[in-house]
1. Angle, helix 38-56 long axis vs. longest principal axis of the chain, Cα atoms, 0 to 90°, nearest 10?
2. When only Cα pairs under 8 Å and 6 or more residues apart are kept, what is the percent relative contact order across the range 74-227?
3. Once the Cα atoms of helix 105-115 and of the chain are each reduced to a long axis, what angle between those two axes, in degrees from 0 to 90 to the nearest 10, is obtained?
4. Can you tell me the length gained on complete extension of the stretch D134 to R73, counting 0.36 nm per residue apart and subtracting the Cα distance?
5. Between the range 86-104 and the range 151-199, what is the separation of their alpha carbon centroids in Å?
6. Rounding to the nearest 10 and keeping the result within 0 to 90°, find how far the Cα-based axis of helix 153-162 lies from the longest principal axis of the chain.
7. Based on the Cβ-Cβ distance of H216 and D92, what FRET efficiency does E = 1/(1 + (r/R0)^6) give at R0 = 41 Å, to the nearest 0.05?
8. When the chain is fully extended, how far beyond the present Cα-Cα distance does D46 get from W30, taking 0.36 nm per residue of separation?
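Readers should treat all values here as calculations from the given coordinates under stated rules, not as data from a laboratory. For clarity, every value in this text was computed on a predicted model and none was experimentally measured. Cβ sites come from the backbone with ideal geometry, for glycine too, and all protein chains shown count toward neighbours.
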Amino acid sequence: MRQTLIFDADDTLWENNVVFERVIDDYLDWLAHPTLDRAELRAILDDIERANAAVHGYGTKVFLRSLHECVARLRQRPATEQEGRQILELADQLINHRIELIPGVADTLGDLAARHELLLLTKGDQEEQQRKIDASGLDHHFSHVHIVREKHAGTYLELVEEHSLRPAHAWMIGNSPKSDIVPARQAGLNAVFIPNESTWVLEHDVVDPADDRVLHLSRFPELLSHF
Ligand SMILES: [Mg+2]
């Protein structure tokens, strides 16, 4: 039976968090704080990121803001122009958006699109997410692409309404318990949880292991055995 498959993008179709992690590693080295160790510095940065995500959303621009604020908090003065330039150099990988597809994604989507309706639902900065989608070459597999600020249960209910989805035949597929699995289930959709080894700490949450409407897969191409 034809199903509606709704895909997350970052860390489900292509690597994303691991790129941020590489930049953060270099950034912590560059900070070279005299008294705080890496874990302590990371905890400060995580706090700043959490606060900024709530107010400003997600994406590279907000991340750069967090890197600046972390310098300011540690040095108790704003980042200098030179430090600003160094931060931009550290984040070069992110600013230039080189897309690294997760293995098997392109072929699997091609197969699935022949049998099912495919939607894309990603959160973040509108322009940045659109640029990544364009660069991925995957756009043509999806009948609709939605870029939203945040993924709450309400976001999924709106999607159900807009596309007249039958929740029993619709599946949210993603790596994030907090943004993909938990709110989709709250909205009555089924879900497919495909964890990524690198998932941002702010995306962690608990997936109920007894919930039989959540399919747990370890690799993207395994979708072909179920749909
Ligand atoms: Mg994701």
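1. Approximately 60 degrees, to the nearest 10.
2. After rounding, I find 19 percent.
3. Orientation of helix 105-115: about 30 degrees from the principal axis.
4. Value of the extension gain: 18.3 nm.
5. Between the Cα centres of the range 86-104 and the range 151-199 lies a distance of 27 Å.
6. 40
7. Rounded to the nearest 0.05, the efficiency is 0.70.
8. 4.1 nm
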